[in-house]
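Undergrad: One structure, pasted below without further comment.
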Amino acid sequence: MRIETKSTRSDTRIRNRRFVLQRIYSQSPTTRAEIARDTGLTAATVSELVASLMDDQLVVEGGTAPSSGGKPPVLLDMNADALNLITVDVSGSRWVGSLRNLRHDILKSKRVVAEQRQGDEAVEAVRDLIDGLAGMATSPILGVGVGTPGVVTGEGVVVEAPNLGWTNLPLAEILGADRDWRVHVLNDARATAMAEFLLGDHGGRNLFVVKIGRGVGSGIILDSSTYVGEGFAAGEIGHIKVIPREGSFVSLESVANTPALAQALAVQAGVPFIGRPSKFIAAQSAEGGPGVAVVADQLGRDLGVILASVAGTLDIHHIVLSGPVAPFGERLLRSVTSELDSRLLPAVASEISVSFGHVDERHAVEMGVATHLLNTELGVA
């Protein structure tokens, strides 16, 4: 994800320009001398590259650092408002889009109620959301990032997204047609995993993130890189039919998506399920009736069935649950851990931590596509 060493190939200048920008983005305010020392580039090269970045208004000078003798060095910082980016999350019942600056700050946001939108109608709704945000831009647009459920290729083709009625849809190409910017389309769970890995504080170089919402999916980080699989379907755990129910097996998504969890809570509480699933889950959990423990325990067991295979196969020690299930609290985490303990070798199970996401689940998909966009277009994240 990051450039670790200076380049020695024919694209040296472009690569080193990104190298310098990355250093300013991640460790600003800084000075030209500090950049030269940390990157191994010569002072002359750093000065020339900084001048180029300033000409493009990506870097600005501001203030001075303490002097160790002679003229105080000038501080450099990223110009967060040099460019805008648009991020869109279409994974929930309400789609959200944001206009952001280069530091992820939200400048404007729009929401669309989209539960019944599918096929071409859903595509047009996404296009309208993007166009509305673009019309509010205060700077040139760097690009657009869209997080969507389903299997998504590296070229932004949605191979299959059942909830949206999309099959082999070249979404990035459609949304980018006749535009001055590129559109990046990512699987929503994969985007969430990127956000948790880069912006959370989970430690290590490997991470397995389960995203629970209208659907259930996961994102995999292996050796600090996103793993997508040979057919871009890595992490599609929601459709594996291994969850035991009444003498048969069902998919994890059918019992662990938020509408199913809300309905299970309603049955336990003897009340009708009304409203948005996430709000209903939060309200029922806050009341703390015995039915909440029943649903949390069952969800933990169901997750543990699949996560045991993941942990046993990949030897990943950090498992993160993202989505509106945090109200289930420690009860859910203990249930998942207990199921893992019962299914794995003790030496394997003892190394695994299960936690809730550190990135606000309401913004995790957008934060993930934003980091991908910044990394792809500018080499920073």
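What follows draws every value from the coordinates through simple rules; no lab data is involved. Computed from a predicted model, the values in this text were never measured in an experiment. Note that each Cβ is placed from the backbone with ideal geometry, even for glycine, and that neighbours are counted across all protein chains shown.
Undergrad: Determine, for the chain, the count of lysine pairs separated by eight or more sequence positions (or lying on different chains) whose alpha-carbon distance falls under 26 Å.
TA: Number of lysine pairs found: 6.
Undergrad: Given an 8 Å cut-off on Cα distances and at least 6 residues of separation, report the relative contact order of segment 12-78 as a percent.
TA: Result for segment 12-78 is 36 percent.
Undergrad: Related question: Counting other Cβ atoms within 10 Å, keep those with at most 14, restrict to DSSP loop, and tell me which GluC sites (Glu not before Pro) in segment 307-376 are left.
TA: Answer by residue number: E351.
Undergrad: Further, regarding this structure: When only Cα pairs under 8 Å and 6 or more residues apart are kept, what is the percent relative contact order across the chain?
TA: Answer for the chain is 15 percent.
Undergrad: If you find the alpha carbon centre of segment 96-170 and of segment 32-94, how far apart are they in angstrom?
TA: What the calculation gives is 29 Å, centre to centre.
Undergrad: I'd like the Karplus ³J(HN,Hα) series for segment 26-34: coefficients 6.51, -1.76, 1.60, θ = phi - 60°, whole numbers in Hz, and an x wherever there's a Gly or Pro.
TA: Along segment 26-34, the couplings run 8, 9, 8, x, 9, 10, 4, 5, 5 Hz.
Undergrad: Quick one: what are the phi-derived ³J(HN,Hα) couplings along segment 211-217, Karplus 6.51/-1.76/1.60 with θ = phi - 60°, whole Hz, x for glycine and proline?
TA: Those phi angles translate into 9, 10, x, 4, x, 10, x Hz.
Undergrad: Have a look at the DSSP beta bridges in the chain and tell me what percent are antiparallel, nearest 5.
TA: Roughly 65 percent of the beta bridges in the chain run antiparallel, per DSSP.
Undergrad: Still on this structure, please answer the following. Do the sum for the chain: with -39,500 (n - 2.57) for every DSSP H run of n ≥ 4, divided by all residues, what is the mean residue ellipticity at 222 nm, to the nearest 500 deg cm²/dmol?
TA: The per-residue figure over the chain is -13000 deg cm²/dmol.
Undergrad: Something else: Residue by residue, what Karplus-based ³J(HN,Hα) values in Hz, rounded to whole numbers, does segment 284-289 have, using 6.51, -1.76 and 1.60 with θ = phi - 60° and x for Gly and Pro?
TA: Calculated HN-Hα couplings, in order: 5, 5, 5, 5, x, x Hz.
Undergrad: Give me the three principal axis extents of segment 258-334 from the C-alpha atoms, as integers in angstrom, largest value leading.
TA: 41, 20, 18
Undergrad: Once the Cα atoms of helix 290-314 and of the chain are each reduced to a long axis, what angle between those two axes, in degrees from 0 to 90 to the nearest 10, is obtained?
TA: 60 degrees
Undergrad: Among S224, A172, V152, whose Cα sits farthest toward the positive end of the charge dipole of the chain (+1 at Cβ of Lys/Arg, -1 at Cβ of Asp/Glu, about the Cα centre)?
TA: Result: S224.
Undergrad: Also, quick follow-up: Any idea what diffusion coefficient the chain gets from Stokes-Einstein, in µm²/s, Kirkwood Rh on alpha carbon pairs, 4 °C, 1.567 mPa s?
TA: Stokes-Einstein gives a translational diffusion coefficient of 58 µm²/s.
Undergrad: Let me ask something additional. List every residue whose amide H lies under 5 Å from the amide H of I243, counting only residues 5 or more places away in sequence or on a different chain, with H placed 1.01 Å from N in the peptide plane.
TA: Under 5 Å from the amide H of I243 lie the amide H atoms of V250, L252, each far enough along the sequence or on another chain.
Undergrad: In whole Å, largest first, what are the principal axis extents of the Cα atoms in segment 12-78?
TA: For segment 12-78, the Cα extents along the three principal axes come out at 33, 23, 19 Å.
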